[in-house]
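J.: The following block contains the structure, expressed as structure tokens.
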Amino acid sequence: MKKMSPNGPKVIRIVAMIVASIVGLVVVGLLIASIFVTENIRQWLWYIALGLAIVLVLYILIGVWLKPKYQYRIFGYEYSQQNVVIREGFLWITQTKIPVFRIQNIDLEEGFFMRKYDLVTVTLSTAGGNHQLTLLNKNDANHIIKLIKKHGNLSEENVDLLHSQQKYEYEDQDVQKEELQ
């Protein structure tokens, strides 16, 4: 199985650090605000700030340190003319097999930090839901899209079935015309 780009964990860490910084600023703001309020409200602000600080430390441990490493190890994908297989997860690992002919739409997402590292997320839409190939190199994503466009419309069996249905429709129209005459 192919993995996400080696730059993928960097992007995950950068985004997690930005979120952690925002939460850290909220904690500092609560502590500063506690200076200007009464003792009863000050105590509540300290409890809220302490709770957010604990959440912040856990988020930094999990979101900045563990998750990028683990997600890089777990995430994988394969593609062929018939199927796209995606393995993903953090606590629960799932492997999804998507038949190429079932794919109805392909979306590319390129965030600000992803653009810096030349990464995209490919979303494959089927009638059953959406599936994502996260943090791929643009070249790999374009190769997958070309393969799906080439092989995704109709398989050989479906093409034969389609032609045979059209043939019967034309024969039915000829029979109806003969009956009218």
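Derivation of every value follows stated rules applied to the coordinates shown; laboratory data play no part. Not measured: the values here are computed from a predicted model. Positions of Cβ are backbone-derived with ideal geometry, glycine not excepted, and every protein chain shown enters the neighbour counts.
J.: List the residues, sorted by chain then number, that are 5 or more residues from ASN83 or on another chain and whose placed amide H is less than 5 Å from its amide H.
T.: VAL100
J.: List, in the order given, every pair from LYS10/LYS97; LYS69/LYS146; LYS67/LYS150; LYS10/LYS149; LYS3/LYS138 whose Cα-Cα distance in the structure shown is over 25 Å.
T.: LYS10/LYS97; LYS69/LYS146; LYS67/LYS150; LYS10/LYS149
J.: Let me ask another. Which of SER125, SER21 comes first, and how do the rest follow, when ranked by fewest Cβ neighbours within 10 Å?
T.: Least to most surrounded, the residues fall as SER21, SER125.
J.: Further, regarding this structure: Is the C-alpha gyration tensor of the stretch 84-154 telling us rounded, prolate or oblate? Criteria: a/c under 1.5 is rounded; beyond that, a/b larger than b/c is prolate, otherwise oblate.
T.: Oblate.
J.: May I ask you to evaluate 6.51 cos²θ - 1.76 cosθ + 1.60, the Karplus curve with θ = phi - 60°, for each residue of the stretch 12-27 and list the ³J(HN,Hα) values in order in whole Hz, giving x for glycine and proline?
T.: Per residue, the Karplus-derived 3J(HN,Hα) values read 4, 5, 4, 5, 5, 5, 5, 4, 4, 5, 5, 5, x, 5, 5, 4 Hz.
J.: Here is a further query. Within 10 Å of each residue's Cβ, count the other Cβ atoms and sort SER80, SER5 from fewest upward.
T.: Going from sparsest to densest Cβ surroundings: SER80, SER5.
J.: What's the center-to-center distance, using Cα atoms, between the stretch 16-75 and the stretch 82-133 in Å?
T.: Here the answer is 31 Å between Cα centres.
J.: Based on the alpha-carbon set only, what is the convex hull volume of the stretch 1-66 divided per residue, in Å³?
T.: Convex hull volume per residue, Cα atoms: 62 Å³.
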